[in-house]
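Worksheet: the structure to be examined is printed underneath.
The values are calculated or read from the model by the stated rules, or taken from the named source; none is laboratory data. Note that this is a predicted model, so its numbers are computed, not measured. Cβ atoms come from the backbone with ideal geometry, glycine included; neighbour counts cover every protein chain shown. The accessibility values were calculated without ligands, DNA or RNA, using every heavy atom of the protein model including side chains. Shrake-Rupley method; radii C 1.70, N 1.55, O 1.52, S 1.80 Å.
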Number of protein chains: 2
Amino acid sequence: MKAEIITIGDEILIGQIVDTNSAWIAKEFNLAGIEIYQITSVHDDHYHILEAMSNAEKNADLVIITGGLGPTKDDITKKVICEYFNTKLIFHQPTLDAIIERFKLRNVDMNQLNKDQALLPETCTILPNKVGTAPGMWFEKNDTIFVSIPGVPFEMQYLISEQILPRLRETGLTKAIYHRTVLTQGVPESMLAEKLEDWENRLPDNVKLAYLPNPMAVRLRLSALGNDTQVLKSLVEKEIEKLKLIIPKYIFGYDDDNLASVIGRYLVERNESLAITESCTGGYISHLITSVPGCSEYYKGSVTAYSNEVKQNILGVKKESLNNFGAVSKEVAEEMVVAVKNLFDTDYAVATTGIAGPDGGTEEKPVGTVWIAIAGKDKVYSYKYTFVGDKRERNIIRSSQTSLQLLRRLILQEL
Amino acid sequence: MKAEIITIGDEILIGQIVDTNSAWIAKEFNLAGIEIYQITSVHDDHYHILEAMSNAEKNADLVIITGGLGPTKDDITKKVICEYFNTKLIFHQPTLDAIIERFKLRNVDMNQLNKDQALLPETCTILPNKVGTAPGMWFEKNDTIFVSIPGVPFEMQYLISEQILPRLRETGLTKAIYHRTVLTQGVPESMLAEKLEDWENRLPDNVKLAYLPNPMAVRLRLSALGNDTQVLKSLVEKEIEKLKLIIPKYIFGYDDDNLASVIGRYLVERNESLAITESCTGGYISHLITSVPGCSEYYKGSVTAYSNEVKQNILGVKKESLNNFGAVSKEVAEEMVVAVKNLFDTDYAVATTGIAGPDGGTEEKPVGTVWIAIAGKDKVYSYKYTFVGDKRERNIIRSSQTSLQLLRRLILQEL
């Protein structure tokens, strides 16, 4: 089954919001064996929406339209949809009842705009929205299914998971897809491609390899399309076993793994604990670690020592070290990491101190300079990095990811 | 000038990555007065790329193609482009020289895949890529400009900012657009719409209003299209002055403001300081605060007290409070906030303690329960929230944003 996603709304086209809805839908559909053929973002514009729907109908068996269904005036979607399916808006009593009930529960007054959300196309199947006021609309035209749903993420997610996917499964038209992603680190894309060339050339015809590089890792995605998930799975897993033999030391995880979740797994297995102290990364490493469910098993906490005062008073960094070497120095990073490890009584600790930018750099220590110190059972390691560029956000992310890389290698005794 | 963005790559269509590139390009183009007509994401597929290019040519004066230009095999873009423009690949010596130089500088061996990046279509204008190995390609066909660039974000950003926008400005075809976004809080979309109805109906014809709701705020975007930026600006600003009189207490910022940057501005103006202690939010509030450039003027730091041990030993939370009321309680939140305010010697402090999920909830304290305490000069305020849903990430974000909302209101003496 081939699907297209159409998102409606100027806010995506002027770059005010990032289209995370489409990524979410694509992921869910893939897991259900529905291939996304195209994602199209269009304006809140009558003609443009019609054109996108008609183009989608040519290629797709299923068209998911998100956005354009709020209570306010910029929403013309319902009118355009009526035109496309040659129908008209009528009051849908069960939807109106649900809206009234919803406002009563929340003890909020409702107005005409809220009531008008129960105005719905006469010929569609209404998909009840239990988490919001705008329901989904399901149409069938020739051989294509069209579904229109609101763009508010949790409402969209509810309608996809609880209303649309169950209905699609009933059609029996979905095909089997199996994906697996191998996460590698410490080897550039082109070198990896060279090492994997023979293996890649011998992949079965229905198994596809894609390289997905990002600043911190190269991900290898294997996808297989066919009829039987179990067959596809064993095909892909066999190839991954071969891959493991070719590049054993570069692989650090699979699929939705990330450095923080992999580190978490290692610490649980070893029954060991972690503390962090951050200056330039400002809490981001702690956030990455605590984004992993169950992290309270190994994570005790952190000190964000943003001011020198806190470095001295809470962590006990020596005044002389700050004066003689500066806050961004090997000496201060090492004192920080030892202090937090002792204070929190953990097996491992990580410390960062650097200049995230955009200001605050000097000739000797430009923006992007960061010292990372890592403490293990009986040794402290420290490294200086100079990330290029004055983008604050990017320097924070790179410093944090590099810290986690070092921590992972320390836990595996690879430092 | 109307533009379409085409992104190439299966990774977007299977939901493995979110298309942040298009949002970035859209934003930059809008600031330059180029209207994005459509964003289309297509597969790494020969026929599909050709179809997307041909559809785009019908509507757009400018087509930006991103992705599909890495050194590895899944990249078929260059071949398809040659077919579309009826040309062939030849070695481009300056590009090859630049690649060789790049590898020499980084002291990395290069291989055939790297060299092949200098194979480029004969008829295009090459846009040098100073931050990567794949250059941009600029074509003109009938009245449409096509530019193909790599999908790696910082390479794409370099090519747009340094190569493509300067060339487009030279054409003189760009139109003026002026956008302003007003950030509101504490009023639902439908109620806001009612309050603003009269004002909206009287907006000038070329000024458009859009409501952009998200879980924490409703943003109102005013856009004006015309020929003279200064005229458009004064048109929009005049409307914003009227808006301020209608909803004075709901507006908390403009454009790229966010709660953390607004709070930062208030603290600088007042010469006051802030400390944070986090349990369930795990460092995310500290990350939001430190994402604002210049935050060292008012932010001293934080303690992530993830374990009870840290709550007791570092913050001095009483053992009896933890035993009698539990870590997620009014008493513990208030002890935490007072402790961190004293420890870091600040004017304000924020504390969170809650159950982010997906596990760890009880009947009495389900997942999503969070206590937030805020300390000002001489008073401590604490509030209990019960966010619905077991999504860890969402609970962390909501708890953090709510904490910042409360802090903002405390600073403004509105609590």
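Here is how the numbers come out for the structure above:
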| read-out | value |
| --- | --- |
| Residue within the stretch B:366-384 that is under 21 Å from B:Gln405 (Cβ atoms), within 29 Å of the chain's Cα centre (by Cα), loosely packed, with under 15 Cβ neighbours inside 10 Å and at pLDDT below 90 present | no |
| Exclusive hit being farther than 16 Å from B:Leu69 by Cα and of a type in the set (D, E, K, R), set B:Glu122, B:Glu155 | B:Glu122 |
| Residue satisfying all of: in the stretch B:28-42; over 16 Å from B:Ala56 (Cα atoms) and more than 7 Å from chain A (Cβ to nearest Cβ); modelled with the highest pLDDT among these | B:Phe29 |
| Boolean, A:Leu245 is aliphatic (A, V, I, L, M), outside the structural domain of A:Ile25 (by TED's automatic domain parsing), surrounded by fewer than 18 Cβ atoms within 10 Å (Cβ to Cβ) and out of contact with any Phe, Trp or Tyr (no Cβ under 8 Å at 6 or more places or on another chain) | yes |
| Among the residues listed as B:Val236, B:Val207, the single one being more than 25 Å from B:Asp61 (Cα to Cα) and not basic (Lys, Arg) | B:Val236 |
| Residue check, A:Lys391 out of contact with any strand residue (DSSP E or B) (no Cβ under 9 Å at 6 or more places or on another chain) and either open to solvent by 60 Å² or more (accessible area, probe 1.4 Å) or not hydroxyl-bearing (Ser, Thr, Tyr) (or both) | yes |
| Any chance B:Asn86 is polar (S, T, N, Q) and out of contact with any strand residue (DSSP E or B) (no Cβ under 6 Å at 6 or more places or on another chain) | yes |
| Residues of the stretch A:354-365 classified as within 14 Å of chain B (Cβ to nearest Cβ) and either open to solvent by 50 Å² or more (accessible area, probe 1.4 Å) or over 18 Å from A:Asp390 (Cβ atoms) (or both), total | 3 |
| Filtered residues of the stretch A:66-101 (kept if of a type in the set (D, E, K, R) and away from chain B (no Cβ under 12 Å)) | A:Lys78, A:Lys79, A:Glu83, A:Lys88, A:Asp97, A:Glu101 |
| Selected residue (criterion: nearest to the chain's Cα centre (by Cα)) from residues of the stretch A:133-152 that are of a type outside the set (Asp, Glu) and surrounded by fewer than 16 Cβ atoms within 10 Å (Cβ to Cβ) | A:Lys141 |
| All strands (runs of 3 or more DSSP E) inside the stretch A:326-389 with 3 or more residues being β-branched (Val, Ile, Thr) | A:348-354, A:369-375 |
| Complete set of residues in the stretch A:316-336 that are buried (at least 21 other Cβ atoms within 10 Å of the Cβ) and touching an Asp or Glu at 6+ places or on another chain (Cβ under 7 Å) | A:Val317 |
| Lone unmet requirement of (1) more than 19 Å from B:Lys2 (Cβ to Cβ); (2) assigned by TED's automatic domain parsing to the domain that holds B:Asp19 for B:Gly186 | (2) |
| Filter result (open to solvent by 60 Å² or more (accessible area, probe 1.4 Å) and either charged (D, E, K, R) or modelled with pLDDT of 90 or more (or both)) within the stretch B:208-242 | B:Lys208, B:Asp228, B:Gln230, B:Val231, B:Lys233, B:Ser234, B:Lys238, B:Glu241, B:Lys242 |
| Every residue from the stretch A:1-52 that is farther than 18 Å from B:Val18 by Cα and open to solvent by 40 Å² or more (accessible area, probe 1.4 Å) | A:Lys2, A:Asp45, A:His46, A:Tyr47, A:Glu51 |
| Considering residues of the stretch B:10-27 that are within 22 Å of B:Ile145 (Cβ to Cβ) and small (Gly, Ala, Ser) only, the residue farthest from the other protein chains (Cβ to nearest Cβ) | B:Ser22 |
| Test: residue in the stretch B:187-196 that is within 11 Å of chain A (Cβ to nearest Cβ), over 30 Å from B:Tyr299 (Cβ atoms), hydroxyl-bearing (Ser, Thr, Tyr) and open to solvent by less than 20 Å² (accessible area, probe 1.4 Å) | yes |
| Every pair of residues 6+ apart whose Cβ atoms lie under 6 Å, when the first sits in the stretch A:266-283 and is of a type in the set (Asp, Glu) while the second is open to solvent by less than 10 Å² (accessible area, probe 1.4 Å) | A:Glu278/A:Ile285; A:Glu278/A:Thr304; A:Glu278/A:Thr352 |
| Complete set of residues in the stretch B:385-397 that are modelled with pLDDT under 90 and within 21 Å of B:Thr277 (Cβ to Cβ) | B:Phe387 |
| Options A:Ser273, A:Ser279; residue that is farther than 19 Å from A:Ile372 by Cβ and in the same structural domain as A:Lys341 (by TED's automatic domain parsing) | A:Ser273 |
